[in-house]
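Enquirer: Pasting a structure here, questions to come.
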Amino acid sequence: MTEANVEEKVNAPRLKPEGPWKIAWKRFKKNKIAVVGGVSFILIVLAVIIIPMIYAFNLWRDVEGVTTGQLIRETVNVDLRAQEFQLANSEQPPSRENLLGTDRQGRDVMFRLFYGGRISMMVGVLSAFLTVTLGTLVGGVAGYYGGKIDAFLMRFAEIVQSIPFLPMMMVISAAMRWVPSEQTMLVVVFVVGILSWPGLSRVVRGQILSLREQEFMQATEILGISDTSRIVRHLLPNVLAYIIVSATLGMGGAILLEAGLSFLGLGVSPPMPSWGNMIQTARNSTVFQSYPWIWVPPGMMIMFTVISVNLLGEGLRDAFDPKEIR
Amino acid sequence: MLRFLGKRILQLIPTMLIISLLIFIVLDFMPGDQVQAYLGVGSEVSPARQEQIREQLGLNEPLPVQYLLWLGRVARGDLGRTNIYNADVSDVIFGFIWNSFLLNIFALIFALLIAIPVGIKSAVKKYGLFDNFFTVFSLAGVSMPTFFFALILIFLFARNIDWIPLNGMRTPIMAVRGYESLWQNITDVGRHMILPVTVLTMTSLATLTRYTRNSVIEVINQDYIRTARSKGLKEKVVIYKHAFRNALLPLITILGMWVPALFGGAILLETVFLWPGIGRVLLNGITSQDLSLVMATLVFYALLRVIGNLLADVSYGLADPRVRVK
């Protein structure tokens with residue numbers, strides 16, 4: 001090999017390999033259905049944030065002597081005066097002032113629909129976050145340390161998984177009825193979180209067990225990198241894809257669970273609206289038969305939200321999974 | 001195989017003990033006075049007598065002792081008494097369980113009868129019109145709260161078709177007077193089952209079609225299917241004789257998962273349709289704070305779930321000899 005030849009080789013443009021995130025993003029973009037899911041999910045999030053603000057803004061704009069600063073503050077905080085009972089105005093069918101009519105207490109259903117959406121979405125996000133944190137923690141520790149710790153944690157996960165899910169959630173929520181009504185959503189987050197982590201913890205453990213044996217992990221051991229850094233910087237990024245996907249899908253599941261629990265009267269308690277407890281009003285036969293605008297829209301919102309979350313989650317799973325070729 | 005089975009059954013005992021202990025601890029946080037529940041709401045008894053009963057029930061003992069006392073009673077077959085049904089808890093559970101079973105077994109049979117052919121057809125023409133339709137269908141199915149779907153069905157159909165009852169299990173007048181014949185009994189219950197079974201079938205269908213489809217797709221890509229095709233066998237024979245039989249195996253192995261659903265599923269639907277099943281018993285127990293009833297029902301649910309897991313494991317071992325190693 002001549003010197004010139006070597007020179008040429010060295011100067012040849014180096015092909016920068018694409019990172020796994022970039023590949024996943026490319027694959028995700030190609031998946032039209034998943035993009036639709038993602039976009040509609042973002043739209044729903046924006047709607048539940050902005051629409052209650054518009055209501056608050058309209059309410060405060062007409063108040064005499066309100067300063068601009070106050071107006072902005074009240075708009076961002078969403079004043080719950082829009083929630084006050086107006087019994088004279090109850091059970092009005094949809095009209096121009098109340099696009100979705102009013103409920104039994106005369107409150108505007110449209111406002112409650114989107115304000116309740118905030119609660120339901122929040123329950124979804126927080127529950128998914130709690131589930132993922134617990135699952136990753138338990139699975140990570142079990143997989144990394146192995147041995148007795150692994151055996152103990154996995155046995156524990158198995159036991160939690162054998163607990164009947166919905167019945168236990170009902171009982172725990174019932175046992176926590178002392179929580180003030182504004183915070184009942186946190187109770188739902190708590191019960192969903194502490195009962196749903198085992199599934200993910202098993203996946204994370206399995207992944208970490210197999211990763212631990214691979215060469216790059218042996219290299220980190222030889223280099224004497226600390227345990228924390230090995231877990232956080234070298235192991236976790238490799239299981240992140242699983243975690244993101246299961247967080248997304250778990251969020252949809254949590255929204256459905258909130259709806260179910262609230263429907264049974266064991267979830268978010270009124271007057272705080274949530275999609276679940278708005279449907280609960282249908283258990284009253286008059287509301288059910290004569291005022292469908294009170295309970296149908298929240299059910300529809302749940303369906304749209306969960307569909308878009310599921311589409312997004314499945315799209316992400318396909319994007320991250322190198323084996324899936326369509 | 002027998003050793004495997006024996007070992008698994010022995011493992012059930014500590015699992016059930018821990019779960020029941022967990023349930024016991026959670027229930028200790030539930031509001032509700034067991035003495036009052038024992039005596040019946042509104043009964044007036046002198047404080048001295050109340051204290052006597054408290055002593056008798058062992059409620060003055062510390063929690064671990066109470067648990068052991070409960071365990072002892074259960075071992076003797078005594079689950080306690082329930083006030084809301086004014087009967088022994090065991091009688092209530094075994095009385096209502098069959099009502100739940102009745103709903104779920106029909107739903108399962110219908111769902112399987114539809115899901116298997118639909119799943120196969122979707123798999124054979126992957127991403128075809130038929131497949132895409134059922135993909136959307138199952139997505140909507142898993143994304144809609146079942147109780148909301150039920151409410152919509154009642155709202156749309158049962159109001160307009162008067163021979164479909166809205167809820168309940170029997171026509172009250174007929175049930176009180178007594179049925180004239182067995183046939184009348186069957187048709188009356190049957191009419192009441194139409195709506196709940198429809199909803200349950202649709203929701204189980206959503207997951208079962210996906211499951212069958214994916215399982216068949218996996219088999220179709222195997223080498224022996226290509227061999228069968230290249231032998232010149234008819235496509236029908238290839239699919240139904242060679243592919244389907246093997247695709248059925250994983251379907252059989254999820255049989256275990258159905259056990260808890262068969263007896264205990266559909267708490268929300270039983271609430272919507274006022275169906276007198278075990279889910280209603282649990283909810284009634286929770287709302288009227290009848291602790292011995294709730295405790296027994298929950299343990300019963302847990303037992304179903306644990307047995308279901310065992311069946312899943314065992315059938316997995318039967319279907320796939322490689323699993324039986326340990």
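The values are calculated or read from the model by the stated rules, or taken from the named source; none is laboratory data. The model shown is predicted, which means the values in this text are computed figures rather than measured ones. Cβ atoms come from the backbone with ideal geometry, glycine included; neighbour counts cover every protein chain shown. With ligands, DNA and RNA removed, areas are computed over all heavy atoms of the protein, side chains included. Shrake-Rupley method; radii C 1.70, N 1.55, O 1.52, S 1.80 Å.
Enquirer: Residue check, B:A206 against (1) farther than 27 Å from A:Q280 by Cβ; (2) in contact with a Gly (Cβ under 8 Å, 6 or more places away or on another chain), all met but one. Which one?
Expert: Here B:A206 meets the rest and fails (1).
Enquirer: Which residue pairs have Cβ atoms under 7 Å apart, sit 6 or more places apart or on different chains, and have a first residue in the stretch B:8-27 that is more than 9 Å from chain A (Cβ to nearest Cβ) and a second that is open to solvent by 70 Å² or more (accessible area, probe 1.4 Å) and part of a helix (DSSP H, G or I)?
Expert: Between residues of the stretch B:8-27 that are more than 9 Å from chain A (Cβ to nearest Cβ) and residues that are open to solvent by 70 Å² or more (accessible area, probe 1.4 Å) and part of a helix (DSSP H, G or I), there is no close pair.
Enquirer: Same structure, new question: Give the residue, chosen from A:F152, A:F114, that is more than 9 Å from chain B (Cβ to nearest Cβ) and under 30 Å from A:M301 (Cα atoms).
Expert: Matching residue, one of A:F152, A:F114: A:F114.
Enquirer: Given the options B:L293, B:L233, B:L248, B:L274, name the one that is surrounded by 21 or more Cβ atoms within 10 Å (Cβ to Cβ) and among the aliphatic types (A, V, I, L, M).
Expert: B:L293
Enquirer: While we're looking at this one, here's another question. Only one of B:N246, B:N284 is free of Cβ contacts under 8 Å to residues at least 60 places away in the same chain and of a type in the set (S, T, N, Q). Can you tell me which? Can you show your working first?
Expert: On the way: B:N284 fails: free of Cβ contacts under 8 Å to residues at least 60 places away in the same chain.
After ruling out the rest, the residue left standing is B:N246.
Enquirer: Tell me, please, whether a residue that is over 23 Å from A:G117 (Cβ atoms) and surrounded by 15 or more Cβ atoms within 10 Å (Cβ to Cβ) can be found in the stretch A:34-47.
Expert: Within the stretch A:34-47, none of the residues are over 23 Å from A:G117 (Cβ atoms) and surrounded by 15 or more Cβ atoms within 10 Å (Cβ to Cβ).
Enquirer: Moving on. List every residue pair whose Cβ atoms sit under 8 Å apart, with the two residues 6 or more apart in sequence or on different chains, where the first one lies in the stretch A:83-98 and is aliphatic (A, V, I, L, M) and the second, anywhere, is at pLDDT 70 or above.
Expert: Pairs that qualify, where the first residue is aliphatic (A, V, I, L, M) and the partner is at pLDDT 70 or above, are A:L87/A:Q105; A:L87/A:G106; A:A88/A:G106.
Enquirer: Which condition breaks for B:A140 when tested against (1) within 24 Å of the chain's Cα centre (by Cα); (2) assigned to a loop (DSSP other than H, G, I, E, B)?
Expert: (2)
Enquirer: Something else about it: On the basis of being over 11 Å from the mean Cα position of the chain (by Cα), crowded, with 21+ Cβ neighbours inside 10 Å and at the interface with chain A (Cβ under 10 Å from one of its Cβ atoms), does B:T287 make the cut?
Expert: So B:T287 does not fit the description; no.
Enquirer: If we keep just the residues of the stretch B:157-182 that are part of a helix (DSSP H, G or I) and closer than 16 Å to B:V197 by Cα, which is modelled with the highest pLDDT?
Expert: Per the criteria, the residue is B:F157.
Enquirer: Go through the stretch A:268-306 and report how many residues are away from chain B (no Cβ under 12 Å) and farther than 19 Å from A:G101 by Cβ.
Expert: 3
Enquirer: Which numbered condition in (1) over 23 Å from B:M16 (Cβ atoms); (2) within 14 Å of chain B (Cβ to nearest Cβ); (3) modelled with pLDDT under 90; (4) part of a helix (DSSP H, G or I) is the only one that A:F190 fails?
Expert: The failed condition is (3).
Enquirer: A further question on this structure: Looking at this structure, is A:V188 touching an Asp or Glu at 6+ places or on another chain (Cβ under 9 Å) and within 24 Å of B:S288 (Cβ to Cβ)?
Expert: Details: touching an Asp or Glu at 6+ places or on another chain (Cβ under 9 Å): yes; within 24 Å of B:S288 (Cβ to Cβ): yes.
So A:V188 passes the test.
Enquirer: Also, I was wondering about something else. Among (1) hydrophobic (A, V, I, L, M, F, W, C); (2) in contact (Cβ under 8 Å) with a residue 24 or more places away in the chain; (3) touching a Ser or Thr at 6+ places or on another chain (Cβ under 9 Å); (4) away from every other protein chain (no Cβ under 12 Å), which single condition is B:V142 missing?
Expert: (4)
Enquirer: Would you kindly identify the helices (runs of 4 or more DSSP H) lying entirely within the stretch B:1-111 that contain at least 1 residues that are among the hydroxyl-bearing types (S, T, Y) and modelled with pLDDT of 80 or more?
Expert: B:2-28, B:63-75
Enquirer: With the condition being in contact with a Phe, Trp or Tyr (Cβ under 6 Å, 6 or more places away or on another chain) and of a type in the set (A, V, I, L, M), I'd like the helices (runs of 4 or more DSSP H) fully within the stretch A:211-326 carrying at least 1 qualifying residues.
Expert: Qualifying helices (runs of 4 or more DSSP H): A:236-263, A:275-280, A:292-320.
Enquirer: Right, B:G256: in contact with an Asp or Glu (Cβ under 8 Å, 6 or more places away or on another chain), surrounded by fewer than 20 Cβ atoms within 10 Å (Cβ to Cβ) and not acidic (D, E) or not?
Expert: Working: in contact with an Asp or Glu (Cβ under 8 Å, 6 or more places away or on another chain): yes; surrounded by fewer than 20 Cβ atoms within 10 Å (Cβ to Cβ): yes; not acidic (D, E): yes.
Yes, satisfied.
Enquirer: Considering the stretch A:275-294 alone, what residues qualify as being crowded, with 16+ Cβ neighbours inside 10 Å and either within 23 Å of the chain's Cα centre (by Cα) or β-branched (V, I, T) (or both)?
Expert: Looking only at the stretch A:275-294, we keep the residues that are crowded, with 16+ Cβ neighbours inside 10 Å, and these are A:275-283, A:287-288, A:291-294.
Result: A:W275, A:G276, A:N277, A:M278, A:I279, A:Q280, A:T281, A:V287, A:I294.
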